[in-house]
1. Residue 113 fails exactly one of the following numbered conditions: (1) over 21 Å from residue 191 (Cβ atoms); (2) within 12 Å of the ligand (Cβ to nearest atom); (3) without any contact (Cβ under 8 Å) to a residue 12 or more places away in the chain. What is the number of that condition?
2. Quickly run through segment 96-127 and pick out the residues that are assigned to a helix (DSSP H, G or I), under 12 Å from residue 149 (Cα atoms) and open to solvent by 10 Å² or more (accessible area, probe 1.4 Å).
3. Can you pull out every residue in segment 289-339 that is more than 16 Å from the ligand (Cβ to nearest atom) and buried (at least 18 other Cβ atoms within 10 Å of the Cβ)?
4. Looking at 238, 246 in this structure, which one is hydroxyl-bearing (Ser, Thr, Tyr), out of contact with any Pro (no Cβ under 9 Å at 6 or more places or on another chain), in contact (Cβ under 8 Å) with a residue 40 or more places away in the chain and within 16 Å of the ligand (Cβ to nearest atom)?
5. Run down 187, 158, 133 and say which single residue is closer than 18 Å to residue 103 by Cβ and open to solvent by less than 40 Å² (accessible area, probe 1.4 Å).
6. Any chance segment 380-389 includes a residue that's in a loop (DSSP other than H, G, I, E, B) and at pLDDT below 95?
7. When you scan segment 1-57 for strands (runs of 3 or more DSSP E) that lie fully inside it, which ones turn up with 2 or more residues that are closer than 23 Å to residue 373 by Cα?
8. Does residue 54 fit the bill of being within 16 Å of the ligand (Cβ to nearest atom) and open to solvent by 10 Å² or more (accessible area, probe 1.4 Å)?
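The values are calculated or read from the model by the stated rules, or taken from the named source; none is laboratory data. Quantities reported herein were computed from a predicted structural model and do not represent experimental measurements. Note that we place each Cβ from the backbone using ideal geometry, even for glycine, and neighbour counts take in every protein chain shown. Heavy atoms of the whole protein, side chains included, go into the accessibility calculation; ligands, DNA and RNA do not. Shrake-Rupley method; radii C 1.70, N 1.55, O 1.52, S 1.80 Å.
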Amino acid sequence: MDRIVVSGGAELHGEVTVSGSKNSTLALMAAALLPEDETVLHNVPKLRDVDTMLEILRALGAKADWRDSRTICIDASTVNNPEAPYDLVRQMRASFLVLGPLMARFGTARVSEPGGCAIGVRPIDQHLKGLEALGAKIQHDHGYVEAATSELRGGRVAFDMNTVNGTQNVMMAATQARGETLIENAAREPEVVELAEVLLAMGADIDGAGTDRIRIRGVGPLHGIDHAVSGDRIEAGTMLAAAIATRGDVMVRGVDPLQLESTLEKLREVGCQIEVGIDCVRAKMEGPIAPVRAVTAPFPGYPTDMQAQLMAVLTLASGSSVVTERVFENRFMHVPELQRMGADIALSGRSAHIRGVPGLMGAPVMATDLRASAGLIIAALAAEGDTVVNRVYHIDRGYERIEAKLRGLGADIRREN
Ligand code: EPZ
């Protein structure tokens, strides 16, 4: 079992380039099931979740593998088994994204229910509501969702809440439904917009992606494409937060700042000088960390995936902050670990009240989920002394070689097994 050891105190300086977006990559890999030929994805991050999704695509019958360290090829012409098995789906909830494409291709699918995870129950009722609106009959059979229809037909899908993967699943299914589908209360995340761009390039007919109303008109068979995945906006935000916590000066390259506007606004509120370029963001932190209020919300609100990272910064603020988590019901598991490092945080309902302290102390801590782990690393970089972060596999799910990237910025960080 790997662990990461951080000796805190170094200011981060220099440049870092983020990897391709994990969440975009996973949706695009599912979309590659739609055409009966080859799709090539470039700038793919080398992550455990990507390898898990490759295994799932192969289990469905596709040829799917790395062509080189950044490129994957998926040939879905040989897909012949519309069943995604429990032992793979349980490893990664995003596997549920194969449901829509399988319905589009075959009109039938059997996908294991993803089940909950550390940050919440994470139901899939909206995914199923969307597919039923397209004519699918849904059954639950021993932990599997079985969906079937003689013909997918366009319909109106009004989601009860913003769901990124729910919007993506319905979009993919609707590309092959007869007639027009209207998704209302659609998620507006950049990962939805990038999926729409790829589906359009494959020959789909979609408009409105990025707004809360997306219209999809069914078309004939789609064709494979070549696409470079956009930079990971959450990894970029994580690096910026690390620069702030260590009062450094870091240029993050390979990201579109327009995908991070609410995060950059919050980091400016914290007192950081933020400069943006076409595909880069610079964070220079000199003064005290100002306390702020933050509430997580669907895009374009402040991202839930950046909540733990902001909290780590705010533990060192010159006053009291409040961070409210409105997207997931259990996304404060980094709090007890931060408290062990000397942070002064009180939880009440969906809010964390953070009283800034002059400094944190290194300590052995436990990673519990992907973004909580990132928050702990940020705290460790600023803490006095050594921090050992255990269960590092959580971090490896969403950050490619995080210790190498941070070491490149001057951090004293190493991986041990
Ligand atoms: C995506 O998850 C991301 N994952 C998550 O990133 C991200 O936190 C989340 O969107 C919100 O931005 C991927 O794209 C692979 P949701 P998703 O459906 O689509 C509830 C990370 O760290 N809900 O938008 O599964 C749900 O419980 C990960 O990279 C239902 O109730 O999230 C949650 O409270 C973590 N019923 C809220 O909606 C449903 O059918 C938003 O979830 C679907 C969702």
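1. (3)
2. Within segment 96-127, 104, 105, 106 meet the criteria.
3. Listed by number, the residues that qualify are 289, 291, 292, 313, 314, 315, 316, 317, 321, 335, 337, 338.
4. Testing whether each residue is hydroxyl-bearing (Ser, Thr, Tyr), out of contact with any Pro (no Cβ under 9 Å at 6 or more places or on another chain), in contact (Cβ under 8 Å) with a residue 40 or more places away in the chain and within 16 Å of the ligand (Cβ to nearest atom) leaves just 238.
5. Numbers: 187 fails: closer than 18 Å to residue 103 by Cβ; 158 fails: closer than 18 Å to residue 103 by Cβ.
Going through 187, 158, 133 in turn, the sole match is 133.
6. There is no residue in segment 380-389 that is in a loop (DSSP other than H, G, I, E, B) and at pLDDT below 95.
7. Numbers: elements: 3-7, 13-17, 38-42.
Ranges flagged: 3-7, 13-17.
8. Details: within 16 Å of the ligand (Cβ to nearest atom): yes; open to solvent by 10 Å² or more (accessible area, probe 1.4 Å): no.
No.
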